[in-house]
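FYI, it's all coordinate maths here, none of it is from the lab. Everything numeric in this text was worked out from a predicted model, so none of it was measured. For neighbour counting, all protein chains shown are included, and Cβ atoms are generated from backbone atoms with ideal geometry for every residue, glycine included.
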Amino acid sequence: MQEKVDAILEEIKRSTASSSQELEEYRLKFISKKSIIGELFNEMKSIPNDQKKAFGMKLNELKQSAQARFKELIDSVNNHQADTPADHVDLTLPPAGNEPGSIHPLSYMRYKIIEIFERIGFNVADGPEIEDDWHNFTALNFPENHPAREMQDTFFIERDPDILLRTHTSNVQIRLMENQKPPVRSIMPGRVFRNEAISARAHCVFHQVEGLYVDKNVSFIDLKHTLYHFAKEMFGKDTKVRYRPSYFPFTEPSAEIDISCQICGGKGCQLCKYTGWVEIAGSGMVDPNVLANCGIDPQEYTGFAFGMGIERITQLKFRVNDLRLYTENDVRFLKQFRTLH
Ligand code: PHE
């Protein structure tokens, strides 16, 4: 019996395999129930009781050796195949080709928005994403206990004095007015941050474009017509626009701007909650306190400001209804914008 086991062990050691067929042969010979080792297990019945334990242990060792060798052979066959891909590659297939990338829909819409305002005399201004309390809140007339200052909305980097991630692009308004004498006529695209759980309708990082026009005799009519022009240029001349009274700490009076729903054309649908209108921007006349905070005389100058979310404009334009799609970078989503330039 011992000799039989030794002979099988020797055979296992010497066995080789270079294809899956040979692996299968090995498996049938040494591993399967009907293999020679399997047969030996069947012989257990006829072994006298006092030798059963020793014989069982021997057989188990043999079985383990057979399995260990099987693993080695599988690895060697796999490596062998990886080393010689020529056997498995069909050289007559046409090459896969390099697909050109496509512009991200948010970048595309940012360019489009900038283009529309540049044509009517706005330039582009930039500002920091990491901001102090003065430029993000205090100079913008936010009252001491305004909820927007609180932890649930704002990502603070340091406290006392507060350093934070800007919650809107309005910080650039302040920086512009502090550093430039009117007239100021700029738009300010940028990333903003709010401490919100990520879902289809909310994200902690998104994009805004803010606009500011400060000069002598700027009136609400200028605001109305500028955004009226924008809405028609962006969404088409049949788009209806309405101004709804609203509140922002830094503008007085304030208005939200709605356009006729792009999905149902005003008839009422899920997107516009059956009102026929969708909001695209906040706006208002710059509060005199804000002008004064920046060293501009509110008796001499007036101004208007507006702010819109680029994700929102893109949603209305391309019917993207889940904010998460913008950051997941799923090529199946991005590919759909290949024709934009
Ligand atoms: N900053 C405002 C927001 O983030 C938008 C806004 C900008 C409103 C300018 C009025 C004027 O919601």
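Using the Cβ atoms and a cut-off under 10 Å, what net charge is assigned to the surroundings of Leu40, where Lys and Arg are +1 and Asp and Glu are -1?
Neighbour charge sum, excluding Leu40 itself: +1.
I need Leu93, Leu165 ordered by Cβ neighbour count within 10 Å, fewest first.
Result, fewest neighbours first: Leu93, Leu165.
Amide H neighbours of Trp277 under 5 Å, counting only residues 5+ apart in sequence or on other chains, H built in-plane at 1.01 Å?
Under 5 Å from the amide H of Trp277: Cys261.
Starting from the Kirkwood Rh over alpha-carbon pairs, what translational D in µm² s⁻¹ does the range 105-337 have by Stokes-Einstein at 25 °C and 0.890 mPa s?
Estimated diffusion coefficient is 133 µm²/s.
Roughly speaking, what is the stretch gain from Ser46 to Val331, that is 0.36 nm per residue apart minus the C-alpha to C-alpha distance, in nm to one decimal?
So the extension gain works out to 96.0 nm.
What lysines sit close enough to Lys335 to cross-link, taking a C-alpha to C-alpha distance under 18 Å and skipping anything fewer than 8 places away on the same chain?
Once the sequence-local lysines are set aside, what remains near Lys335 is Lys317.
First select every other residue whose beta carbon is under 14 angstrom from the beta carbon of Lys58; then total the charges, Lys and Arg +1, Asp and Glu -1.
Neighbour charge sum, excluding Lys58 itself: 0.
Could you give the angle, 0 to 90 degrees to the nearest 10, between helix 170-179's Cα long axis and the longest principal axis of the Cα atoms of the chain?
50 degrees
When the helices in the chain are scored as -39500 (n - 2.57) per DSSP H run of 4 or longer and the sum is shared across all residues, what 222 nm value do you end up with, to the nearest 500 deg cm²/dmol?
Result for the chain, helices only: -11500 deg cm²/dmol.
Hey, got a sec? Which GluC sites (Glu not before Pro) in the range 282-341 land in a DSSP loop and have at most 11 other Cβ atoms within 10 Å?
Glu300
Taking a point 7 angstrom from the Cα of Glu158 along the C-beta vector, which residues in the range 128-143 have backbone N less than 18 Å away?
128-138
Using DSSP to define loop residues, name the trypsin sites (Lys or Arg not before Pro) in the range 1-63 whose beta-carbon has at most 14 other beta-carbon atoms within 10 Å.
Lys33, Lys34
Note down the relative contact order for the chain as a percent, whole number, built from C-alpha pairs under 8 angstrom at least six residues apart.
16 percent.
Between Ile114 and Arg338, what FRET efficiency follows from the Cβ-Cβ distance if R0 is 22 Å, with the result rounded to 0.05?
0.55
Given a cut-off of under 8 Å on Cα pairs at least six residues apart, what relative contact order in percent is computed for the range 21-124?
18 percent
Can you work out the FRET efficiency for the pair His146 and Asn321, with r the C-beta to C-beta distance and R0 = 30 Å, to the nearest 0.05?
Efficiency for this residue pair is about 0.45.
Contour minus end-to-end for Arg191 and Lys237, with contour as 0.36 nm per residue of separation and end-to-end as the Cα-Cα distance?
This chain segment gains 13.6 nm when fully extended.
For Lys267, give me every one of the lysines with a C-alpha distance below 16 angstrom, ignoring sequence neighbours fewer than eight places off in its own chain.
Lys240
Alpha carbon centre of the range 36-67 versus the range 87-143: separation in Å?
After rounding, the separation between the Cα centres reads 71 Å.
Going by the alpha-carbon gyration tensor, a ≥ b ≥ c the square roots of its eigenvalues, is the range 62-137 rounded (a/c under 1.5) or, if a/c is not under 1.5, prolate (a/b greater than b/c) versus oblate?
The shape class here is oblate.
First select every other residue whose beta carbon is under 11 angstrom from the beta carbon of Gln315; then total the charges, Lys and Arg +1, Asp and Glu -1.
Around Gln315, the charge tally is +2.
Stretched out fully, how many nm does the piece from Ala68 to Ser219 gain, at 0.36 nm a residue minus the Cα gap?
Fully extending the segment from Ala68 to Ser219 adds 45.8 nm.
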